[in-house]
Amino acid sequence: MPAGRFIVFEGIDGSGLSTQAALLAEWLLGKGHPVYLTKEPSAGPAGSQIRLALAGRLVSRPGPGAPAGLDPRAMALLFAADRMDHLAGEIEPLLEAGTHVVCDRYVLSSLAYQGAEVDPAWVQAINAGARPADLTVLLRVPPQVALARIRRARPRAELYENGERLGRVLDNYERLARELAGSGQRIAVLDGTLPVDAVHREVVSLVAPLVTPPA
Ligand code: TMP
């Protein structure tokens with residue numbers, strides 16, 4: 001049985017990652033492929049802590065000099081810990097069993113988001129054990145468009161959701177995409193402002209050649 005393909009969606013908040021990940025999983029399923037749709041932060045123990053921190057409900061112990069939320073390096077470690085646990089407990093066994101895994105966010109999220117706050121080389125180092133994706137799709141959406149989408153969906157902003165920060169994260173993503181492509185990894189940058197169907201069609205045209213027809 002051939003190994004499953006590991007396909008990752010990346011982009012700033014509000015770029016349509018979960019919509020496109022779900023559409024791709026549905027398409028693969030419709031073609032008869034075994035598929036697993038997942039996301040990071042995951043539903044595992046480290047991922048649950050991250051969710052609390054993102055919502056501002058988990059803070060460092062009180063005291064003089066304590067940061068308002070969790071220390072950014074602690075956040076970077078939590079994201080990396082969640083990733084290792086997610087890989088070992090779900091992603092890798094499924095890929096080995098021939099199931100395609102579609103993941104909403106992965107290593108590039110840490111490099112783009114945490115790399116904007118703490119030493120990027122260190123973020124790279126703590127994520128070095130994570131296997132590369134077979135295909136990464138970066139959905140490119142300007143921060144102001146992304147923020148307008150987020151505000152429509154929910155009134156309370158999460159930790160990383162402000163225009164200036166998302167702009168820095170997008171710059172990081174674009175640089176990382178060039179670096180990844182230069183190192184021979186498969187990465188596609190798509191215009192995430194196009195209609196959902198149009199983006200999905202482009203995604204399918206990238207994924208179809210990677211998946212052998214099911215027996
Ligand atoms: P979500 O909104 O896609 O569920 O992601 C939650 C937030 O976590 C989003 O702002 C991106 C951020 N994030 C990181 O900063 N680093 C990471 O490694 C991951 C996976 C997400």
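Results, tabulated for the structure shown:
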{"quantity": "Out of ALA25, ALA88, sole residue that is within 21 Å of the chain's Cα centre (by Cα), away from the ligand (no atom under 14 Å from the Cβ), touching a residue at least 40 places away in the same chain (Cβ under 8 Å) and in a helix (DSSP H, G or I)", "calculated": "ALA25"}
{"quantity": "Cβ pairs under 6 Å, 6+ apart, first in segment 180-193 and without any contact (Cβ under 8 Å) to a residue 24 or more places away in the chain, second surrounded by 15 or more Cβ atoms within 10 Å (Cβ to Cβ)", "calculated": "ALA181/ILE187"}
{"quantity": "Options ARG51, ARG61, ARG73: the member that is among the basic types (Lys, Arg) and assigned to a loop (DSSP other than H, G, I, E, B)", "calculated": "ARG61"}
{"quantity": "Among (1) buried (at least 19 other Cβ atoms within 10 Å of the Cβ); (2) part of a helix (DSSP H, G or I); (3) within 13 Å of the ligand (Cβ to nearest atom), the one test that SER15 misses", "calculated": "(2)"}
{"quantity": "Test set (1) surrounded by fewer than 14 Cβ atoms within 10 Å (Cβ to Cβ); (2) more than 25 Å from LEU190 (Cβ to Cβ); (3) within 16 Å of the ligand (Cβ to nearest atom) - GLY69 fails condition number", "calculated": "(1)"}
{"quantity": "Flag if LEU138 is buried (at least 17 other Cβ atoms within 10 Å of the Cβ), modelled with pLDDT of 95 or more, within 18 Å of the chain's Cα centre (by Cα) and not in a loop (DSSP other than H, G, I, E, B)", "calculated": "yes"}
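The values are calculated or read from the model by the stated rules, or taken from the named source; none is laboratory data. Just so it is clear, the model here is predicted, and its values are computed rather than measured. Every residue, glycine as well, gets a Cβ built from its backbone with ideal geometry; the counts of neighbours run over all protein chains shown.
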